[in-house]
Amino acid sequence: MKDGPDIARVASLVGDPARANMLTALMTGSALTASELALEGGVGLATASSHLAKLIEGGLLTVAAQGRHRYYGLAGPQVASMLEAIMGVAAGAGPKRARPGPREPAMREARVCYDHLAGEHAVKMLDGFLARDILVRDGGAIGLGPKGAAHFAAVGIDVGDPGPSRRPVCRDCLDWSVRRSHLAGRLGAAILDKILAEKWARREKDSRVVTFSPKGRVAFEKAFLD
């Protein structure tokens, strides 16, 4: 066996259709019970429990007990980024699952990617930050530019104190629908928190879709795109 990460093991965990559906359901950033994930996976509870145990053992999920219930969530933003990248490959390389209604256009416009904004608005936002040197690229990494800290402080986002988190301030995440990067990391999460706290947009129930109000879109663009 060759040295290095065991890609095949992770791929086999994600590659099962039921497990893939469960993982996708957790891309909202919310924790779900085994019963809820069984419905998402289209399997019985016993089968779902077996799948969940494998995903936990493989390091893709975490579980927390609260009262009588156990809640499952993605193991972290790195897992979410991996899933988002796989979705991008799947969108361009093979047949798509058919879903009725307007969900796909809305998903492409703005959605949650674990704990940060994804979709066309998010990609446009990152492009604007880079064009104005609010963020800068250094090799393959993204960091704050000379005007970055002041720009975000002006809209109420403090990027200076990471607290106990070792998560990077900025990180790019490949957007599956646009096929270019949007902003993740602590800053990406803080921006989504700001959008929702200000009620510029709302999370759609049982969906990753983020819907902006007309006034909220203007406020979002003024804060992050102008």
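Looking across the stretch 5-52, just one residue is basic (Lys, Arg) and touching a Lys or Arg at 6+ places or on another chain (Cβ under 9 Å), and that is 19. In the stretch 206-217, the residues that are over 19 Å from residue 104 (Cα atoms) reach residues that are open to solvent by less than 70 Å² (accessible area, probe 1.4 Å) with C-beta atoms within less than 9 angstrom, at least six apart or across chains, in these pairs: 215/200; 216/195; 216/200; 216/201; 217/121; 217/200; 217/201. On the stretch given as the stretch 59-74, residues that are surrounded by 14 or more Cβ atoms within 10 Å (Cβ to Cβ) and either among the basic types (Lys, Arg) or within 17 Å of residue 12 (Cα to Cα) (or both) total 5.
Take residue 27 and tell me if it is outside any loop (DSSP other than H, G, I, E, B), touching a Leu at 6+ places or on another chain (Cβ under 7 Å) and modelled with pLDDT under 95.
On the way: outside any loop (DSSP other than H, G, I, E, B): yes; touching a Leu at 6+ places or on another chain (Cβ under 7 Å): yes; modelled with pLDDT under 95: yes.
It is true that residue 27 is outside any loop (DSSP other than H, G, I, E, B), touching a Leu at 6+ places or on another chain (Cβ under 7 Å) and modelled with pLDDT under 95.
Of the candidates 197, 149, 153, the single residue that is open to solvent by 30 Å² or more (accessible area, probe 1.4 Å), in contact with a Gly (Cβ under 8 Å, 6 or more places away or on another chain), free of Cβ contacts under 8 Å to residues at least 24 places away in the same chain and not charged (D, E, K, R) is 149. Scanning the stretch 10-34 for residues that are out of contact with any Ser or Thr (no Cβ under 8 Å at 6 or more places or on another chain), more than 28 Å from residue 110 (Cβ to Cβ) and surrounded by 12 or more Cβ atoms within 10 Å (Cβ to Cβ) yields a total of 4.
Set side by side, the residues 218, 209 differ, and just one is at pLDDT 90 or above and buried (at least 18 other Cβ atoms within 10 Å of the Cβ), which is 209. When residue 45 is tested against (1) surrounded by 17 or more Cβ atoms within 10 Å (Cβ to Cβ); (2) over 18 Å from residue 79 (Cβ atoms), just one condition goes unmet, and that condition is (1). Among residues of the stretch 117-135 that are assigned to a helix (DSSP H, G or I), those with a beta-carbon under 8 Å from a residue that is of a type in the set (Ser, Thr, Tyr) at least six positions away or on a different chain give the pairs 120/177; 123/181; 126/181.
Return a yes/no flag: does the stretch 81-88 have any residue that is touching a Gly at 6+ places or on another chain (Cβ under 9 Å) and either at pLDDT below 90 or assigned to a helix (DSSP H, G or I) (or both). So that I can check it myself, show each step before the final result.
Let us first name the residues in the stretch 81-88 that are touching a Gly at 6+ places or on another chain (Cβ under 9 Å), namely none.
No, the stretch 81-88 contains no residue that is touching a Gly at 6+ places or on another chain (Cβ under 9 Å) and either at pLDDT below 90 or assigned to a helix (DSSP H, G or I) (or both).
Every test in (1) under 22 Å from the mean Cα position of the chain (by Cα); (2) at pLDDT below 90 is passed by residue 74 save one, and that test is (2).
The values are calculated or read from the model by the stated rules, or taken from the named source; none is laboratory data. On a predicted model such as this, the values are computed, not experimentally measured, just so you know. No Cβ is skipped: glycine too gets one built from the backbone with ideal geometry, and neighbour counts run over all protein chains shown. Surface areas here come from the heavy atoms of the whole protein model, side chains and all, with no ligands, DNA or RNA. Shrake-Rupley method; radii C 1.70, N 1.55, O 1.52, S 1.80 Å.
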